[in-house]
Amino acid sequence: MIEKICRDLAKQCRWFDIIHTSGSSIPIQFKNNRLHSVQEKENSGFGVRVNIKNRTGFSYTNSSGRLPQAAGRAVSMAPYGDEEIFDLPEQCSADFEPYGNTIDEFNIDREISNAESVIDLILSRFPQAVVDVGITKSSGSMRLINSQGLDASYRHSLYSAGISLTHVTEKGSKIDVWEGTSSTHCVDYVSLAERIIERTTLALAERGCASGKIPVLFTPKAVARLMGIVASGFNAKAVWKGISPFADKRDTKIFNEKMNIHDDPSVPGSPYSYPFDDEGVIAVRKPLIENGVICNFITDLKHAHKLNIKPLGNGSRGYASLPFPSFSNIEIDAGTEPVKAMLESINQGILIDQFIGLGQSNTLTGDISANLDLAFLIEKGEITGRVKDCMISDNLFSLLNGDIVLSEEREQVGSALVPYMLLTGVSYTGIFQ
Amino acid sequence: MDFGIDSVADKILSRIANVSGDYAEVRLSAGAGTTITLSGSEIDLFTSGDSVAGSVRILSRGTWTFVSFNNIEDTESFLKKGLSIASKIPAGTSTIRKTKAVAAQYATRCAVPLDKVGLDEKFELTKKYNGILGSHRNIQTTRSTYRDSQSRYIFLNTEGSDLRYDRSYCGISLASVARDGAVIQPFHESVSGYGGFEIVRGREAVAEKVVKTSADLLKAEPAPAGTHRVIVDPKLAGVFIHEAFGHLSEADFVYENPQMRDLMVLGKKFGPEDLNVYDDGTMNALAGFIPFDDEGIIPARTALIKSGVLSGRLHSRETSEKMNEEPTGNGRALNVMRQPLVRMTNTFIDRGPHDPEALFDSIGDGIYAVDVIGGQTNLEMFTFTSGYGYEIKNGKKGRMLKDIVLSGNVFHTMDSIGMIASDVQMFGGLGGCGKGGQSPLPVSFGGPHLLINNVLIGGKQ
């Protein structure tokens with residue numbers, strides 16, 4: 001049926017494309033230390049984008065039987081659409097697939113028994129704790145067809161595991177710690193449990209820290225959150241609208257020269273990799289920040305044309321939406337200091353792992369303000385307990401242009417590969433001093 | 001608008017009655033919607049699409065099985081598949097509250113049905129608001145979103161319940177971004193509810209307020225960091241009660257956690273004598289309205305705090321059974337493809353004894369925090385960001401402030417509520433609440449003006 005629709009659309013449109021996504025997943029959820037549910041999900045859909053007289057119309061459906069109606073709706077919406085005079089790519093191919101063949105070895109019984117042993121491990125150290133574990137296996141495919149003759153597809157797979165612990169201390173304080181991992185194939189995640197035990201142990205004692213400008217060491221998990229705020233300024237849509245703080249800063253140095261960040265859709269084994277983007281553009285590695293200098297914005301075809309920049313494979317969409325610019329894997333270059341030495345260099349400061357409410361401030365200008373969900377006091381180079389009921393407030397962009405130290409160790413946090421980061425003077429306020 | 005789901009449901013009805021096991025339910029939906037997003041002079045998105053979906057949830061030997069799909073013609077085989085998975089997975093300890101069968105049909109009352117309004121008219125209205133949003137020389141860009149959906153939703157379970165609901169929802173979200181040099185200042189408002197096109201018509205004043213506020217904020221100064229006495233407006237009071245307290249009253253956080261149960265024991269003092277807090281899914285004009293929850297329970301008004309004392313909490317069938325408390329109709333799912341979780345509906349602080357002016361008369365020096373950008377909590381500590389505010393000197397509103405980020409400890413802050421005014425207002429919008437990866441779930445929240453002592457405001461020192 002899809003071929004007939006293509007023939008019909010070809011007669012009416014300057015160009016069109018059809019995206020078809022389909023997939024299934026099996027999430028297993030442990031809640032409150034026990035198996036709660038096993039799920040099986042199937043979902044698929046079609047998105048039709050047409051360009052008629054330079055105007056773009058779009059519609060979608062999740063039933064292949066109603067694809068002709070969706071195509072008809074897209075055509076009838078086109079006169080209302082935005083003027084788009086870019087062209088679609090003529091060809092692309094899948095040089096690799098973000099698909100782990102061993103994903104098919106996923107076994108519900110084994111996953112349940114693995115999760116139970118991870119929970120037992122945590123409970124053996126904290127018998128009062130409440131642990132949730134979520135494991136998901138998913139796989140699927142995407143196919144893209146367009147009027148320029150492109151017809152390409154690839155398979156993808158994802159295995160993800162997440163653990164979160166809640167522990168209420170004798171004093172009545174609540175400690176929440178979470179960790180997660182993801183891959184294209186099944187992986188062992190017991191190390192996440194060990195890390196959760198370590199962080200919870202450190203959080204049992206509560207300490208205070210005087211308000212003021214203090215040195216702050218951020219874990220990779222915390223750095224990834226901070227970098228999410230920076231990353232939003234690299235979105236070509238924000239640049240085009242003039243609301244990116246980096247809009248007029250291309251080729252300008254605005255961060256410390258130690259800052260090097262890449263977007264890389266070709267990282268092997270990553271579920272965030274893809275051979276071509278959702279508009280059929282071959283996806284390649286690109287620097288975003290090189291030695292503190294803004295290099296590239298990430299873009300879809302529409303904004304590449306508007307900004308006169310080259311599309312490098314960052315157009316993203318599901319079947320029910322038009323493309324928008326999106327990141328793939330983010331890599332932040334490592335530094336040269338071991339984490340241990342960074343910690344030892346701090347006489348009085350804090351280590352931050354988790355925030356509450358970061359990103360609700362006016363982040364367009366780099367302002368950040370957040371309560372600290374999980375943070376620790378550092379005294380004379382050692383972690384001596386948890387700080388809570390406190391917040392940091394500062395301008396992230398100024399901080400990243402000041403003194404920073406990056407660790408030689410890096411950790412994978414979601415789609416980002418991230419080092420620890422030390423900022424020497426961050427504004428910190430404690431509530432009960 | 002049913003794409004055949006009623007005939008699928010009618011066939012399943014006889015099948016589900018014979019399902020063995022503790023409990024099973026089938027949910028089906030079919031819907032269509034339109035989204036229009038204009039940004040500056042551009043049309044970001046103008047689409048209308050359709051979708052059908054279904055799911056089967058089974059409780060067998062104490063463990064839940066959930067199967068979701070959009071090929072609803074095969075609902076019966078997905079039910080079989082669910083039963084097959086349920087028979088193989090390990091036994092668990094989940095139990096649920098059983099209720100009597102309910103059979104009913106519901107439909108949103110619409111003055112102007114959405115399918116009787118042409119795409120032209122929806123587009124022109126959005127364009128009109130977008131024009132107002134850009135009507136100031138300092139506006140860098142705007143974003144106006146119109147969204148509507150009409151759907152039919154069917155809920156069936158092994159207790160014999162058969163609930164069918166024709167739902168019509170629409171709303172607008174209006175944002176302006178003002179810029180002066182390096183200062184970039186966004187502001188937005190949103191309006192939504194169950195009904196027809198009448199919900200979004202005649203909202204010029206909302207757009208005018210958005211553009212004026214974002215432009216005015218360019219000249220506002222950052223709030224001074226430190227601990228302050230704060231008056232919060234009804235919208236911020238609503239977000240505060242939703243974020244800081246409402247989530248804490250969701251029973252799934254406490255029902256299998258003895259430590260949390262101790263913290264949230266009914267009868268515990270939780271604020272001043274004048275404080276009364278409710279969650280009420282029956283308020284039918286508001287975004288959190290539900291005729292029945294996604295476990296087939298008819299909602300009720302639940303008193304969460306009465307006269308400053310913890311008096312109730314929000315339940316799903318499972319938490320209700322485990323805690324031996326009555327179900328409240330708060331088992332809600334984002335859509336039929338997701339499992340129900342304990343969620344809020346319309347949550348608010350009820351009116352207090354004071355005239356709003358009396359709060360200003362008694363505060364002395366402090367901060368008046370107005371409107372809200374967002375909020376987050378870990379159930380003990382919270383952060384939320386006010387849209388803007390004013391310095392208060394000697395009870396008088398002074399210079400405009402921005403970047404007011406309020407942080408605190410839920411338990412201390414509830415206890416620090418000093419005065420409660422009588423001017424309750426409710427708020428909703430196209431956004432909503434997020435939990436367990438299900439966002440945005442439509443909810444509303446509200447309250448009167450509150451005076452709170454000892455609120456930590458972040459900022460540069």
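How do the helices (runs of 4 or more DSSP H) wholly within the range A:206-321 filter down when requiring 1 or more residues that are away from chain B (no Cβ under 14 Å): which remain?
Answer list for the range A:206-321: A:220-232, A:301-307.
Out of all the residues in the range B:387-436, which are closer than 19 Å to A:A370 by Cα and among the aromatic types (F, W, Y)?
Scanning the range B:387-436 gives B:Y388, B:F411.
Restricting to the range A:380-433, count the residues that are surrounded by fewer than 22 Cβ atoms within 10 Å (Cβ to Cβ) and of a type in the set (G, A, S).
8
Looking for whichever is aliphatic (A, V, I, L, M) and more than 12 Å from chain A (Cβ to nearest Cβ) here; the options are B:A17, B:A91, B:A86, B:A30. Which one fits?
B:A17
Do any strands (runs of 3 or more DSSP E) lying entirely in the range B:121-236 carry at least 1 residues that are buried (at least 21 other Cβ atoms within 10 Å of the Cβ), outside the structural domain of B:I363 (by TED's automatic domain parsing) and in contact (Cβ under 8 Å) with a residue 60 or more places away in the chain, and which ones are they?
In the range B:121-236, the matching strands (runs of 3 or more DSSP E) lie at B:139-157, B:162-180, B:183-194.
Going by the structure shown, is A:I18 in contact with a helix residue (DSSP H, G or I) (Cβ under 9 Å, 6 or more places away or on another chain), under 21 Å from A:S147 (Cα atoms) and either part of a strand (DSSP E or B) or modelled with pLDDT of 95 or more (or both)?
Criteria met by A:I18.
Cβ contacts < 6 Å: first residue at the interface with chain A (Cβ under 7 Å from one of its Cβ atoms), restricted to the range B:42-69; second residue surrounded by fewer than 24 Cβ atoms within 10 Å (Cβ to Cβ) and among the aromatic types (F, W, Y), any location; separation 6+ or different chain. Result?
B:F46/A:Y80; B:V52/B:F3; B:V67/B:F78; B:F69/B:F78
Mind listing just one residue for me: the one in the range B:252-268 that is over 19 Å from B:D415 (Cβ atoms) and of a type in the set (D, E) and, of those, modelled with the lowest pLDDT?
B:E256
Exactly one of these conditions fails for A:V38: (1) facing another protein chain (nearest Cβ under 9 Å); (2) at pLDDT 95 or above; (3) surrounded by fewer than 23 Cβ atoms within 10 Å (Cβ to Cβ). Give me its number.
Condition (3) is where A:V38 drops out.
Is it the case, given these coordinates, that A:E111 is acidic (D, E), under 30 Å from B:K127 (Cα atoms) and within 14 Å of another protein chain (Cβ to nearest Cβ)?
Judged against the criteria, A:E111 is not a match.
To keep it simple, each residue is scored yes or no on (1) buried (at least 18 other Cβ atoms within 10 Å of the Cβ); (2) out of contact with any His (no Cβ under 8 Å at 6 or more places or on another chain); (3) assigned to a loop (DSSP other than H, G, I, E, B); (4) at pLDDT below 95.
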| site | (1), (2), (3), (4) |
| --- | --- |
| A:S93 | no, yes, yes, yes |
| A:E97 | no, no, yes, no |
| A:Q148 | no, yes, yes, no |
| A:Y154 | yes, yes, no, no |
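Can you tell me which of A:T136, A:T200 is polar (S, T, N, Q), crowded, with 18+ Cβ neighbours inside 10 Å, closer than 30 Å to A:Y428 by Cβ and in contact (Cβ under 8 Å) with a residue 12 or more places away in the chain?
The conditions single out A:T200.
If you go through the range B:233-251 one residue at a time, how many are of a type in the set (D, E, K, R), farther than 11 Å from B:G447 by Cβ and modelled with pLDDT of 95 or more?
1
Confirm whether A:I282 is out of contact with any helix residue (DSSP H, G or I) (no Cβ under 6 Å at 6 or more places or on another chain) and either in contact (Cβ under 8 Å) with a residue 40 or more places away in the chain or of a type outside the set (V, I, T) (or both).
yes
Look through the range B:300-357, keep the residues that are in a helix (DSSP H, G or I) and basic (K, R), and return whichever of them is farthest from B:I5 (Cα to Cα).
Taking the candidates together, the pick is B:K322.
Can you tell me which residues in the range A:327-344 are without any contact (Cβ under 8 Å) to a residue 60 or more places away in the chain and not charged (D, E, K, R)?
Within the range A:327-344, A:A341 is the sole residue that qualifies.
The values are calculated or read from the model by the stated rules, or taken from the named source; none is laboratory data. Everything quoted here is computed from the prediction, not taken from an experiment. For neighbour counting, all protein chains shown are included, and Cβ atoms are generated from backbone atoms with ideal geometry for every residue, glycine included.
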